[in-house]
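Q: One structure is given below, represented as structure tokens, and several questions about it will come after.
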Amino acid sequence: MNWAFLQGLLSGVNKYSTAFGRVWLSIVFLFRVMVFVVAAEKVWGDEQKDFACNTAQPGCHNVCYDHFFPVSHIRLWALQLIFVTCPSFLVVLHVAYREERERKHRLKYGEGCQRLYANTGKKRGGLWWTYVLSLVFKMGVDVTFVYLLYHIYEGYDFPTMVKCSEHPCPNVVDCFISRPTEKRIFTIFMVVTSLVCILLSLCEILYLVGKRCFECIHRMQGSRQINKARSIANMRSSNTHLDSNSKKLASKGQPKPVFNSVKTLSNCDFITHNVTLKKIVHPKMKILSSFTHPHVVPNL
């Protein structure tokens, strides 16, 4: 393995990650990859050779081993680490694509042209979706492999002895697993680190989505305040325009326009008012009725 190349990739991934992503990357490559390379391979080793059964029947040993260990733990973890780290490198490739596109744009239109991206490494637009989808994919890979490990081996425990009755074994034979305690410890360790990585990926997704929602709400509030300020400014400008017109009319000797908001009564309203007044007047006060004849309508 070329560790310089791996270090360059890791530094690129770490550059465009959030705090949750940096912790996730540290757990993956310090606790999972290093433990896998340094310790786990030595513990498992040639496990089929160390799997012993108390029978000399040809083929029984191989059949029993395949029955209890259809896929080796070490190979399953290798596939898991490959699938879980590839999406992180896709983010680096997306940033490299942006930088190359920006370079070609400058070569075509000159250095003083408008930039395509304000910051090629900022998680906006397609890069944001690439980053979020990579988190979803990584979380799905970890969940899938944790479930497969539990489903294939019916748990995370390693028994010292298993009983096998597969053909061509003559009867129920006892088979013994080498280093069961060490394998149990490493299995639990890898499962726990996978669960921690799942939790970190989920927290990072919630953080990114929540941050984007907060930015959208803040942007909407800002646009509302701007529209409100514009409407107030328009009202003030219209009032200023009216005042200036009034001053011009006053300077020319013309009276200012008066806007009368008093409602003018119609003839029918006046008649109805008089009739109503006559009804509510006391009968003894007949003298008042002479002043409110229903057919006498003043000219308003």
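Q: Take Lys183 and tell me if it is exposed (fewer than 13 other Cβ atoms within 10 Å of the Cβ), at pLDDT below 90 and either assigned to a helix (DSSP H, G or I) or among the acidic types (Asp, Glu) (or both).
A: Numbers: exposed (fewer than 13 other Cβ atoms within 10 Å of the Cβ): no; at pLDDT below 90: yes; either assigned to a helix (DSSP H, G or I) or among the acidic types (Asp, Glu) (or both): yes.
It is false that Lys183 is exposed (fewer than 13 other Cβ atoms within 10 Å of the Cβ), at pLDDT below 90 and either assigned to a helix (DSSP H, G or I) or among the acidic types (Asp, Glu) (or both).
Q: A follow-up question, please. Among the residues of the stretch 177-200, how many are farther than 15 Å from Phe20 by Cα and in contact (Cβ under 8 Å) with a residue 40 or more places away in the chain?
A: Residues flagged as farther than 15 Å from Phe20 by Cα and in contact (Cβ under 8 Å) with a residue 40 or more places away in the chain within the stretch 177-200 amount to 10.
Q: Sort out which residues of the stretch 184-208 are closer than 16 Å to Trp77 by Cα, of a type outside the set (A, V, I, L, M) and touching a helix residue (DSSP H, G or I) at 6+ places or on another chain (Cβ under 6 Å), and write them in order of number. Show your work before the answer.
A: Of the residues in the stretch 184-208, the ones closer than 16 Å to Trp77 by Cα are 184-198.
Narrowing further to those that are of a type outside the set (A, V, I, L, M): 184, 186-187, 189, 193-194, 197.
Correct list: Phe186, Thr193, Ser194, Cys197.
Matching residues to (1) loosely packed, with under 10 Cβ neighbours inside 10 Å; (2) at pLDDT below 90; (3) not aromatic (Phe, Trp, Tyr):
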| position | (1), (2), (3) |
| --- | --- |
| Leu195 | no, no, yes |
| Ile198 | no, no, yes |
| Ser201 | no, no, yes |
| Ile205 | no, no, yes |
| Val209 | no, no, yes |
| Arg212 | no, yes, yes |
| Asn234 | no, yes, yes |
| Pro257 | yes, yes, yes |
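Q: Does the stretch 13-31 contain at least one residue that is modelled with pLDDT under 80, closer than 30 Å to Cys203 by Cβ and of a type in the set (Val, Ile, Thr)? Full working, then the answer.
A: Going residue by residue through the stretch 13-31, those that are modelled with pLDDT under 80 are 13-16.
With closer than 30 Å to Cys203 by Cβ added as a condition, the list becomes 13-16.
This time we only want the ones that are of a type in the set (Val, Ile, Thr), so: 13.
So far as the stretch 13-31 goes, yes, one or more of its residues are modelled with pLDDT under 80, closer than 30 Å to Cys203 by Cβ and of a type in the set (Val, Ile, Thr).
Q: Cβ-Cβ under 9 Å, sequence separation 6+ or interchain: first residue in the stretch 210-224 and under 14 Å from Arg124 (Cα atoms), partner surrounded by 10 or more Cβ atoms within 10 Å (Cβ to Cβ). Which pairs?
A: From the stretch 210-224, the pairs are Arg212/Trp128.
Q: Which pairs turn up if I take residues in the stretch 145-159 that are farther than 23 Å from Ile82 by Cα and look for partners that are charged (D, E, K, R) and surrounded by 14 or more Cβ atoms within 10 Å (Cβ to Cβ) with beta carbon separation below 9 Å, at least 6 apart in sequence or on another chain?
A: Going by the 9 Å Cβ cut-off, the qualifying pairs are Asp157/Arg184; Phe158/Arg179; Phe158/Glu182; Phe158/Lys183; Phe158/Arg184.
Q: Can you name the residue in the stretch 110-146 that is small (Gly, Ala, Ser) and assigned to a loop (DSSP other than H, G, I, E, B) and is also surrounded by the most Cβ atoms within 10 Å (Cβ to Cβ) among such residues? Don't jump to the end; show me each part of the working.
A: Let us first name the residues in the stretch 110-146 that are small (Gly, Ala, Ser), namely 110, 112, 118, 121, 125-126, 134, 140.
Add one more test, that the residue is assigned to a loop (DSSP other than H, G, I, E, B), and what stays is 110, 112, 118, 121, 125.
On the way: Gly110: 8, Gly112: 6, Ala118: 7, Gly121: 16, Gly125: 10.
My answer is Gly121.
The values are calculated or read from the model by the stated rules, or taken from the named source; none is laboratory data. None of the values given here were measured: they were computed from a predicted structure. Neighbour counts run over all protein chains shown; Cβ positions are idealised from the backbone, glycine included.
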